[in-house]
Every structure is written in structure tokens, then in C-alpha cells.
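Engineer: The following block contains the structure, expressed as C-alpha cells.
The values are calculated or read from the model by the stated rules, or taken from the named source; none is laboratory data. All values reported here derive from a predicted model rather than from experimental measurement. Here the Cβ positions follow ideal geometry from the backbone for every residue, glycine too, while neighbour counts run over all protein chains shown. For accessibility, only protein heavy atoms count, side chains too; no ligands or nucleic acids. Shrake-Rupley method; radii C 1.70, N 1.55, O 1.52, S 1.80 Å.
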Amino acid sequence: MKKLILILLVATLITGITLSSCAAPTPAPTPTPSPSPAPAPSPSPKEPKILKMAWSFPPKGAITPGWYWFGEELEKRTNGAYKIDFYGGGALYKSAQVVDALKSGISDLGFINPMSFQNQFPLSTVAQIPSTSHPDKIEGYMASYETALEMFKKYPEMRDEWKDFEFFLWHPMPSNHPLTNKKITKPDELKGMKLQAESYDGDIVKEIGATAVHVVPPELYLSMERNVVQGAVSVGWNHVDALKLYEVGKYMIDNVDFMHGVSTIMINRNSWNSLPPDIQKLMKDMAPEIVRRSSIAFLESNDRGKANIRDRGGDAVVVTPAEQKLWQTYLSKVDGLWLEEMKSLGVTKAPQVLEDFKKILASKL
């Protein structure tokens with residue numbers, strides 16, 4: 001009996017050992033996963049460099065298409081790194097304040113008409129008198145632009161006038177023509193009339209025997225409507241279009257040129273120096289195309305002015321060569337008036353500058 005019990009115990013022990021050796025091992029506990037690190041924050045987009053450009057006339061003037069193209073193109077070519085904010089209509093300062101405002105950095109780029117500040121930019125006004133006018137066609141605008149650039153290279157006296165700024169852009173503008181309610185072909189027919197006239201245009205009006213009245217173009221519509229003046233000589237076809245002067249004036253002489261404007265765009269010296277050389281070059285390289293685009297816009301505005309005046313029974317008057325000579329008798333006197341003014345300002349190079357400007361311009365036309 002004892003043997004039987006011993007045999008059963010041994011058999012049970014062997015079976016237990018066999019079963020335990022065949023059982024799967026107990027798996028190791030799964031480690032708790034470490035939390036994933038938080039993603040690095042995306043870098044903030046770099047803010048573009050903003051340049052402010054300002055002028056005093058309406059935001060959408062005839063000359064501005066080239067300027068807006070320049071702003072869009074600068075932003076595009078720099079992948080948004082540089083941008084121009086435009087402030088037209090005197091939003092930052094009035095026209096009489098532009099020189100000081102631009103010096104102080106109220107805007108980075110600004111429009112300056114040299115004739116409005118003749119004491120500060122005397123030689124630069126050579127491009128605005130009747131004898132240096134250019135034909136109203138794209139070739140004429142570009143020829144005048146290129147002439148001015150050559151003159152600035154040749155004459156340090158002209159460059160020095162703008163030493164407080166970086167000289168960026170020189171843009172010729174349309175010539176002024178006589179605008180009246182009655183058809184005029186000869187200068188003597190203006191005698192006794194009151195005419196809007198600015199600067200040397202006023203001297204010519206007085207020489208003819210009319211009365212020169214200071215009226216800024218935006219106020220001319222009401223002045224003509226109320227018969228304060230019976231016409232104007234310091235406006236062009238672009239003013240007829242933009243200011244709707246075709247509603248108060250019926251005739252403009254198309255081939256008699258009084259003075260004409262010049263748009264200069266200057267850049268604040270500190271603003272310019274803050275720009276890297278490649279951006280400075282990019283901006284300067286775009287200047288001719290700015291002038292070309294704005295010149296085309298001027299020509300389109302001129303055409304609209306002529307069409308509107310004709311639609312209302314008026315006309316773009318073309319005087320005969322003999323009649324042109326009569327006008328030229330008076331207009332040619334502006335050269336002498338300009339030279340006298342330069343002499344009073346102590347500008348000794350004026351005669352040479354006037355002669356050279358005429359010669360260079362003629363060679364390009």
C-alpha cells in the first residue's frame with residue numbers, strides 16, 4: 001500500500017513539471033509610452049517694409065497709373081518684402097508743405113513740382129517754360145525725360161538743388177493751352193479778359209493785355225461757371241478731362257503751348273539709405289517704365305478731354321502757322337523772364353543750361 005502511494009506521488013510530480021515546462025512564459029508588462037514632444041511653433045511671417053508715398057492732388061490723377069504699377073511691381077518682385085502705401089489727396093500734407101514734410105520723413109516718397117519752389121530748385125524749372133515743351137506723344141514725354149537725366153548728369157549745380165533727397169523720378173507733364181468760352185485764334189483776342197494764369201503764364205497774359213487771376217485748377221470750374229474768369233491758360237487737356245472743364249469751357253487751342261508741369265518724385269534721404277543696394281537698383285531700374293505708363297495715361301486723358309469738349313459743341317482749335325507766330329512773339333519772352341529770375345537768384349549757369357536743354361531735347365525728337 002505504501003508503495004502504491006509513493007508511485008502516485010512521483011507520477012503527479014512528473015506530470016506537473018512537464019506541464020509547467022510547456023506553458024507560455026508570462027509576458028513582460030508593456031511600458032507606458034512617453035508623451036510626444038509638442039511641435040515647434042511656426043515662425044511668424046516677416047512683416048513687409050512699408051514705404052509711404054504722398055501727393056496733394058486727387059488719389060487717381062492722370063499721372064498716377066505709373067505710380068500704382070510701381071507699387072504693385074515692387075511688392076511682386078520682392079515677394080512681398082517691400083510694399084508702398086499711397087496717400088493721395090493731401091492725406092499726409094498739403095502741396096506747400098511737401099519739401100519740409102519729405103525732409104522730416106512724414107512720407108518716404110513725395111511729389112514735388114519744381115516751379116512751385118523755384119527759389120529752392122531754380123535750374124530744374126528750365127524744363128517747364130514754353131521753349132522747352134515736348135510734343136504730346138509718347139516719344140515726346142520720353143525724350144524730355146531722357147533730356148532731364150542727361151542734364152542732371154552734366155550739371156552738378158542741378159543735382160545739388162536736390163541734395164537733401166534721393167532723386168528718383170522725373171516726369172514731364174502735358175503743356176498748358178488757352179481755354180475759353182469763345183473761339184480764340186490770335187493773342188490779341190484775349191485783351192480785356194480775366195484769365196486764370198500761374199507763374200510766367202501770368203506775365204504773358206499781362207503782356208497780351210488781359211488780366212491774370214490766380215486760381216488753382218481744382219477751383220477753376222466754379223470760377224469759370226460764375227464768370228470770375230472767362231478762361232484759363234495754365235491748364236491742359238488732362239485738366240479738362242479730370243476737372244470736367246469741358247462743361248464750362250468750349251474751346252482750347254491745341255497747338256499753342258504755354259508752360260507745362262514736371263513731376264519729380266524724391267525719396268527721403270534716411271529712407272533711401274535704409275534700403276539694401278539690390279532694392280535701390282530694382283527701384284531705379286523701374287523708373288523709365290513708370291514714366292512710360294504715366295505718359296500713356298496722360299495721352300488717354302488728353303483724348304478724353306478733347307472728345308468731351310467736342311461732344312458739347314466745342315473744339316480743339318488748331319491755329320494756322322501765321323497765327324502760331326503771333327503767339328510765339330509773346331511766349332518767346334518767357335526765356336528772358338526766366339533768365340532774369342535766375343540772375344536775381346544768383347544762378348550763373350542758367351544761360352548754358354537753357355541752351356543745352358533745348359539742344360539735347362531737339363536731338364531726341
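Engineer: Give the residues of segment 240-286 that are touching a Pro at 6+ places or on another chain (Cβ under 7 Å) and over 20 Å from Val334 (Cβ atoms), sorted by residue number.
Structural biologist: Hits for segment 240-286 are Leu243, Thr264.
Engineer: Filter segment 330-365 for residues that are loosely packed, with under 12 Cβ neighbours inside 10 Å, of a type outside the set (Asp, Glu) and either over 32 Å from the mean Cα position of the chain (by Cα) or assigned to a helix (DSSP H, G or I) (or both) and give the result.
Structural biologist: Hits for segment 330-365 are Gly336, Ser344, Lys359, Ala362, Ser363.
Engineer: Please verify whether Pro130 is out of contact with any strand residue (DSSP E or B) (no Cβ under 6 Å at 6 or more places or on another chain) and surrounded by 24 or more Cβ atoms within 10 Å (Cβ to Cβ), treating the condition exactly as stated.
Structural biologist: Numbers: out of contact with any strand residue (DSSP E or B) (no Cβ under 6 Å at 6 or more places or on another chain): yes; surrounded by 24 or more Cβ atoms within 10 Å (Cβ to Cβ): yes.
When the stated conditions are applied, Pro130 passes them.
Engineer: Among the residues of segment 296-312, is any under 30 Å from Ile208 (Cα atoms) and not in a helix (DSSP H, G or I)?
Structural biologist: yes
Engineer: Related question: For segment 275-309, which residues satisfy the criterion of being touching a residue at least 60 places away in the same chain (Cβ under 8 Å), farther than 23 Å from Lys60 by Cβ and open to solvent by 40 Å² or more (accessible area, probe 1.4 Å)?
Structural biologist: If the condition is that a residue be touching a residue at least 60 places away in the same chain (Cβ under 8 Å), farther than 23 Å from Lys60 by Cβ and open to solvent by 40 Å² or more (accessible area, probe 1.4 Å), then Lys284 is the only one that fits.
Engineer: Quickly run through segment 52-81 and pick out the residues that are surrounded by 15 or more Cβ atoms within 10 Å (Cβ to Cβ), modelled with pLDDT under 95 and not in a helix (DSSP H, G or I).
Structural biologist: Matches in segment 52-81: Trp55, Ser56, Phe57, Gly61, Ala62, Ile63.
Engineer: Moving on to the next point. Report every pair of residues separated by at least 6 positions or lying on different chains whose Cβ atoms are under 7 Å apart, first residue within segment 148-177 and within 13 Å of Val262 (Cα to Cα), second assigned to a strand (DSSP E or B) and polar (S, T, N, Q).
Structural biologist: Every condition considered, the pairs that remain are Leu169/Thr264; Trp170/Thr264; His171/Ser263; Met173/Ser263; Asn176/Ser234.
Engineer: Moving on. Quick one: count up the residues across segment 96-115 that are of a type in the set (S, T, N, Q) and buried (at least 17 other Cβ atoms within 10 Å of the Cβ). Walk me through how you get there before you give the answer.
Structural biologist: As a first pass, look at segment 96-115 and keep what is of a type in the set (S, T, N, Q): 97, 104, 107, 113.
Next cut, buried (at least 17 other Cβ atoms within 10 Å of the Cβ) only: 107, 113.
Going through segment 96-115 one residue at a time, the tally reaches 2.
Engineer: Within segment 110-122, how many residues turn out to be in contact (Cβ under 8 Å) with a residue 40 or more places away in the chain and either of a type in the set (S, T, N, Q) or farther than 18 Å from Leu169 by Cβ (or both)? Let's see the steps before the verdict.
Structural biologist: So the first thing to find is which residues in segment 110-122 are in contact (Cβ under 8 Å) with a residue 40 or more places away in the chain, and the list is 110-115, 118-122.
Within this subset, residues satisfying the condition of being either of a type in the set (S, T, N, Q) or farther than 18 Å from Leu169 by Cβ (or both) are 113, 118-120, 122.
Adding up the residues that qualify gives 5.
Engineer: Which of the residues that make up segment 256-309 are within 21 Å of Tyr246 (Cβ to Cβ) and of a type in the set (Phe, Trp, Tyr)?
Structural biologist: Across segment 256-309, the qualifying residues are Phe258, Phe298.
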